[in-house]
1. Over the residues of the chain, compute the C-alpha Rg and express it relative to 2.2 N^0.38 Å.
2. If contacts are Cα pairs under 8 angstrom and at least 6 residues apart, what is the relative contact order of the chain in percent?
3. State to the nearest 20 debye the size of the charge dipole of region 48-151 about its Cα centre, where the only charges are +1 on K and R beta carbons and -1 on D and E beta carbons.
4. At R0 = 35 Å, how high is the FRET efficiency between residue 1 and residue 134 if r is their beta carbon distance? Nearest 0.05 is fine.
5. Per 0.36 nm of contour for each residue apart, how much would the distance between residue 80 and residue 201 grow if the chain were fully extended, relative to their Cα-Cα spacing?
6. Using a simple charge model, +1 on the beta-carbon of Lys and Arg, -1 on the beta-carbon of Asp and Glu, nothing else, what dipole does the chain show about its Cα centre, in debye to the nearest 20?
7. Which of 121, 83, 138 ends up with the largest GNM mean-square fluctuation for the chain, with Cα atoms connected below 10 Å?
8. Sort 129, 191 so the one with the fewest other Cβ atoms within 10 Å of its own Cβ comes first.
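Every number here is computed from the coordinates shown, using simple stated rules; none is lab data. Being a predicted model, the structure only gives us computed values, none of them experimental. Here the Cβ positions follow ideal geometry from the backbone for every residue, glycine too, while neighbour counts run over all protein chains shown.
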Amino acid sequence: MLAVEIALLSDPGGRSGNEDACGHWHSERHLCCVLADGAGGHGGGDVASRLVVQTLLGAFADAPSADGAALAQLAQRANEALLAQRESDARLRDMHTTLVCLVIDFVAARAHWVHAGDSRLYWFRAGRLRQRTLDHSLVQGLLQAGVLTPEQARAHPRRSELQSALGTRAEDLRIDAAATVEIEPGDAFLLCSDGLWEFIDDDAMQAALARSRTAGAWVAALEQGVREAARGRATHDNFSALAVRVLAPDDGGTTIFQSAVAPG
């Protein structure tokens, strides 16, 4: 059995409203974490992200996924709920949202995840970045083609142009599912919106993790890094993070520690 420590942050940044949403659900065996970054007029981004987080967590609670393919099917159900909401209110017809979702099985010591859009999942082992998701965006395609360097991609004027997001017809929606991986105490995961990773690169995330003894301290360090990097800007995007540290519980049972929560 594994234990986990969780910390959440969702901040409006330099904007008046927050279109990000995140949350988690757990049982004695499973943890499901979801983060979404919405967009759309008339408050649609806020509606989209919260609806997807709530729908996906509810669907997982009813029928926990065993692997990435099953989790992608649950994400498709969240997309159907979002499309239905769009059709019910003309003011929300342009709303959509990114999605990243992590599932941990405490008993089997395994994890799987899915994502759509440019919200990311980072997986660290022994303090080093082991894997991260690749964005569904125009800039990610240019980066993979060798047209842009990572530094150029981070500041590209079209970096927010997505090639997939929930709120899209099923035949046009791309949801990438990771293969199930073995995890161990000491592993750490970070789910975050682009408002965070645009300011905090991979090395900075890793450095913040190395000097943080808890998930809450890690998230606090990332928040400070965003504020410092964004200082002097007229405005900057909402930014959200959901951090998970994998632990070996002293009592032999699964324990969830809620170490930090920041309101949106």
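1. Numbers: Rg = 17.4 Å, N = 264, 2.2 N^0.38 = 18.3 Å.
Against the empirical 2.2 N^0.38 Å value, I get 0.95 for the chain.
2. It rounds to 32 percent for the chain.
3. Numbers: 11 positive and 10 negative charges, 67 e Å.
Roughly 320 debye, rounded to the nearest 20.
4. Plugging the Cβ-Cβ distance into 1/(1 + (r/R0)^6) gives 0.65.
5. Gain on stretching residue 80 to residue 201: 40.2 nm.
6. Working: 24 positive and 34 negative charges, 73 e Å.
I would put it at about 340 debye.
7. 138
8. 129, 191
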